[in-house]
Amino acid sequence: MNKSFERSNIRRVFALAFFFSLFLVFGSGNFFAQTYVTNNGIIMERVAEEDVKEAERLNEEAELEDEKERERLAESGDADILSEDETDDSIDELFADDAEGDTEGAVNTPTTEIVKVDAKNKPVEFSGDLNAELGGYVWFSPWEKTKPLATFSNILRFIGRPRSDFYVYGSFLTQFPKMDFGVYELYFDYTLFGKADISAGKRDISWSLSRMLNTNIIDDKCSVITSEDAANKPKRKTTDSKFSLIATVPILSYCSIKGVAQYESNEMEDEMPDYVSVAGKFEVNIGKFSVSVLGKRWAKAAEHGYDPCVGMEVISTLLGQNSNMFVQGFAHFSPRGGDLTRAKWTMGVYKYFENPIMLGLSFEYQGIWGKEQIANGTAVGQFKGLQHLFAAELGWSRFIFTKKWTFGFKWFHDTGNDYGTLFPVITVEEVLPHLDFKTTAPIYYGSQNKYGLVFELALKLKY
């Protein structure tokens, strides 16, 4: 009986040991599994935190590179990639008749800002300007019936900057009633060694200092003696931009050299070298003065075959902040005998006051002398005597009943053709969201004698 009792107790002990072993196996497995999951979750959380920190680090580096790029551009004075929309010293805000905006404004659109959605996204930024006008005008002398006024213009821009030293810029232009639609600009810019810039592509380039008259040596029209009507500034077109190669090399910290090779035709010509023009500029910045020597050799094709041109310009900010004074002179010489064929000299000043009143003013004078010029057997320009051009702008803004009112006028006078224009303008901003009301009384006097009245609603939207 004792033996059977002992055997029975032994069986019970083994049974308890067996069940206890099973409990340890499954319980410990579940415990270790839970511990592994918990540790794995901690590891994953740490990995996520490291990803966030890495993204933040990359964004901080992008911000530092962006800031260094802005400082470099400010030191070099390279205005080709600074957006005019970001400056506050332009008196264009006081004149609301630039529905299209300046050509230089289109060129200067690219910014150095990087879109930081997250560290893995490519830095691409889109922006645009939409301008639309709807209204009507009537000429009182000579009498004409009221005619409708409807215009539309939209330019969509993009800039991609995969690296701090490289970006691609493009813009697309749509206009009515010109029915102009297409690529306005598309080019790249590459910075070498943090200083020198190389740019190539379809681009609209302007080296003009004038706000109202034509002083852009890059433009062929600069070499042709014509009457420049500041009141009817030509609108930009997709054909304005040409395929160009641009190189900018800084020297020390206050000098720079810029060269441009431009294909003047918008078509593929059989004799491509005959449609290539070359221009250069050497600029020195000393205190509040900037002095430049520049020149251009025009393309050899008949429609572009003007005499080579050299010039000099001086810019100063002696009038303080939000001001500019300049003097510029160009001279064209015959490549055959070296004779002076024409000359153009321009001087101007503008100033914008923010306090105590919002007031902007600008005045320019241009003198032109020239004689008949023959290019490839064709007369490309003819002028008799001396021509003088005068242009001025004045604008004053104030808030009336919570709305910003601008009162201004533009004046232009041409002594060569004996006529002038005077455009008084009144603009009320934001009568409705993004919608301005404008009225203008254009007056032409002299050889072109007429006057009228224009009413319009102008939609302006930056996005």
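The values are calculated or read from the model by the stated rules, or taken from the named source; none is laboratory data. Everything quoted here is computed from the prediction, not taken from an experiment. Counting neighbours? That spans all protein chains shown, and the Cβs are built from the backbone with ideal geometry, glycine included. The accessibility values were calculated without ligands, DNA or RNA, using every heavy atom of the protein model including side chains. Shrake-Rupley method; radii C 1.70, N 1.55, O 1.52, S 1.80 Å.
Thinking of the stretch 125-179 as a set of Cα atoms, what percent of all their pairs are more than 14 Å apart?
67 percent
Given a Förster distance of 56 angstrom, what is the FRET efficiency for residue 179 paired with residue 247, based on the Cβ-Cβ distance and rounded to 0.05?
Efficiency at R0 = 56 Å is approximately 0.95.
Just subtract the alpha-carbon distance of residue 318 and residue 349 from 0.36 nm times their residue separation and send over the number in nm, one decimal.
10.1 nm
Can you list residues whose amide H is under 5 Å from residue 217's amide H, if they're 5+ apart or on another chain and H is modeled 1.01 Å from N?
207
For residue 334, tell me the accessible area in Å² from a 1.4 Å probe, rounded to the nearest 10.
Counting only protein heavy atoms, residue 334 exposes about 20 Å² to solvent.
In terms of the Cα gyration tensor, with a ≥ b ≥ c the square roots of its eigenvalues, is the stretch 156-214 rounded because a/c is under 1.5, prolate because a/b exceeds b/c, or oblate?
oblate
Of all alpha-carbon pairs in the stretch 170-299, indicate the percentage at a distance above 26 angstrom.
Numbers: 2596 of 8385 pairs.
Above the 26 Å cut-off, the stretch 170-299 has 31 percent of its Cα pairs.
If I stretch the segment between residue 141 and residue 300 completely, what's the gain in nm (0.36 nm per residue apart, minus their alpha carbon distance), one decimal?
Full-extension gain reported as 52.7 nm.
Give me the percent of accessible area attributable to carbon and sulfur for the stretch 227-345, probe 1.4 angstrom. Mind showing how you got there, number by number?
Details: 3860 of 6070 Å².
Its accessible area is 64 percent carbon and sulfur atoms.
Using alpha-carbon positions, what is the distance between the centroids of the stretch 423-453 and the stretch 250-314, in Å?
The stretch 423-453 and the stretch 250-314 have Cα centres separated by 37 Å.
Show 146, 415 ordered by accessible area, largest first, where the area counts protein heavy atoms only and the probe is 1.4 Å.
Ranking 146, 415 by accessible area, largest first, yields 146, 415.
What residues from the stretch 277-314 fall in the zone where the backbone N is under 17 Å from a label point 7 Å along the Cα-to-C-beta line of residue 254?
Backbone N within reach: 282-293, 314.
If R0 is 41 Å, what FRET efficiency do you get for residue 165 and residue 426 from their C-beta distance, rounded to 0.05?
Numbers: r = 47 Å, r/R0 = 1.16.
Using R0 = 41 Å, I get an efficiency of 0.30.
Using a 1.4 Å probe and ignoring any ligands, DNA or RNA, find the accessible area of residue 429 and quote it in Å² to the nearest 10.
Accessible area of residue 429: about 50 Å².
Could you order 336, 398, 157 so the one with the most accessible surface comes first? Probe is 1.4 Å.
Largest accessible area first, the list is 336, 398, 157.
Within the stretch 153-222, list the chymotrypsin sites (Phe, Trp or Tyr not before Pro) lying in a DSSP loop whose Cβ has at most 15 other Cβ atoms in a 10 Å radius. It would help to have the intermediate numbers written out before the result.
Values: sites: 158, 166, 167, 169, 172, 181, 184, 187, 188, 190, 193, 207; in loops: 193, 207.
Sparse-neighbourhood loop chymotrypsin sites (Phe, Trp or Tyr not before Pro): 193.
To the nearest 0.05, what FRET efficiency results for residue 403 and residue 272 with a Förster distance of 45 Å applied to their C-beta separation?
Working from the Cβ atoms, E equals 0.25.
Describe numerically, in nm with one decimal, the distance between label points set 7 Å from Cα along Cα→Cβ at residue 186 and at residue 149.
According to this spin-label approximation, the distance is 3.5 nm.
Which of the pairs 281/462; 371/410; 351/450; 351/404; 195/235; 242/460 have their Cα atoms more than 24 Å apart in this structure? Display every interim value, and only then the final one.
Values: 281/462 33 Å; 371/410 30 Å; 351/450 31 Å; 351/404 20 Å; 195/235 34 Å; 242/460 28 Å.
In this structure, 281/462; 371/410; 351/450; 195/235; 242/460 lie more than 24 Å apart at Cα.
Hey, if we sort 388, 304 by accessible area with the 1.4 Å probe, largest down, what's the order?
Solvent-accessible surface, decreasing: 388, 304.
Kirkwood Rh and Cα-based Rg: tell me the resulting Rg over Rh for the stretch 305-345, rounded to two decimals. Walk me through the intermediate numbers first.
Values: Rg = 14.7 Å, Rh = 12.0 Å.
Rounded to two decimals, Rg over Rh is 1.23.
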